[in-house]
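**Student:** One structure coming up, written as structure tokens, with questions to follow.
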């Protein structure tokens, strides 16, 4: 049986990669993809604990996380399309309409 | 080394390498392909944890739904110009500090909590305890029993997301020119 630390380290690596992607990239599509990476890291941790504790609640919560990810992707991509229609760009540095 | 461990290392290596490819690729479509590889290998990781239902949900919802939505939006908006621009922000110092702090924090938690993570093995397979068979039935009984109210709230969340995305991406009707 694989120890739970393996899964936790994998989740930590994927989460950190997602954080670095959100902080460094300028393309808004890649920022949204990095958020999906972070949600996957959370799911790995939830299911690892669920499997090792013999308790199914973690898997149900992973389903809810996937639901929230789907809703977030739908709304986020709607915002991207609306913004591209107005500004003709995918670069977040040019999207500063509400910046003081 | 058992077969299980070899499979775990294979899927984990694919997941991490293609996640790095997602955040470094120049073309957005290449990022989407890397994300597909990551999501599929995370589904494989779920299989090594004996969460078969979640592996199926991962493939169907993430790869078949969310990722296809991403690819559609990439097709709708032009990518030719953005591939030749500068790809990274000038805030690498902030990103480096944050990621080092995050890795340090997670590593510290794993290092100090190592004893607490030596979990007692579950008392036999879960199926035999509850008298049901299979991972899907187990998840279903929990989802429609104990977690029925959160399930209904999640459906309302999806409805709100549908309405919100339609309202956001709808083209405003132009007033008629006289």
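Laboratory data are not the source of any read-out in this text; all were calculated from the coordinates shown. As the structure is a computational prediction, the values presented were derived from the model and not from experiment. FYI the Cβ positions are ideal-geometry reconstructions off the backbone, even for glycines, and counts take in every protein chain you see.
**Student:** In Å³ and rounded to a whole number, note down the convex hull volume per residue for the Cα atoms of segment B:26-106.
**Tutor:** It is 108 Å³ per residue.
**Student:** May I pose another question? How much length is gained if the chain between residue B:29 and residue B:105 is pulled fully straight, taking 0.36 nm per residue apart and subtracting their Cα-Cα distance, in nm to one decimal?
**Tutor:** Gain on stretching residue B:29 to residue B:105: 24.0 nm.
**Student:** Now, a different point. As an exercise, use a Förster radius of 25 Å and the Cβ-Cβ distance of residue B:172 and residue A:98 to find the FRET efficiency, rounded to the nearest 0.05.
**Tutor:** Once the sixth-power term is evaluated, E becomes 0.80.
**Student:** Angle, helix A:4-24 long axis vs. longest principal axis of chain A, Cα atoms, 0 to 90°, nearest 10?
**Tutor:** Value to nearest ten degrees: 10.
**Student:** Right, something else. What's the angle, to the nearest 10 degrees (0 to 90), between helix A:57-87's Cα axis and the longest principal axis of chain A?
**Tutor:** So the helix axis and the longest Cα principal axis differ by about 10 degrees.
**Student:** Also, quick follow-up: Neighbouring Cβ atoms within 10 Å as the yardstick, rank A:39, A:1 fewest first.
**Tutor:** A:1, A:39
**Student:** Still on this structure, please answer the following. Which distance in nm do the two modelled labels at residue B:72 and residue A:9 give, with both placed 7 Å along the Cα-to-Cβ direction?
**Tutor:** 4.1
**Student:** According to a simple spin-label model (label point 7 Å from Cα along Cα-to-Cβ), what is the distance in nm between residue B:112 and residue B:155?
**Tutor:** So the label points at residue B:155 and residue B:112 sit 4.4 nm apart.
**Student:** Which whole number gives the average, over all residues in A:92-99, of C-beta atoms from other chains lying within 10 Å of the residue C-beta?
**Tutor:** 1
**Student:** Measure nothing but the geometry: give the 0 to 90° angle between the long axis through the Cα atoms of A:28-53 and the longest principal axis through the Cα atoms of chain A, rounded to 10°.
**Tutor:** 10
**Student:** Find, to one decimal place in angstroms, the Kirkwood hydrodynamic radius of the protein assembly as shown, where the mean of 1/r is taken over every pair of different Cα atoms and then inverted.
**Tutor:** 20.3
**Student:** How do A:49, B:151, B:70 rank when sorted from fewest to most other Cβ atoms within 10 Å of their own Cβ?
**Tutor:** In order of increasing Cβ crowding within 10 Å: B:151, A:49, B:70.
**Student:** By counting other Cβ atoms within 10 Å of each Cβ, how are B:84, B:62, A:7 ranked from fewest to most?
**Tutor:** By the 10 Å Cβ count, ascending: B:84, A:7, B:62.
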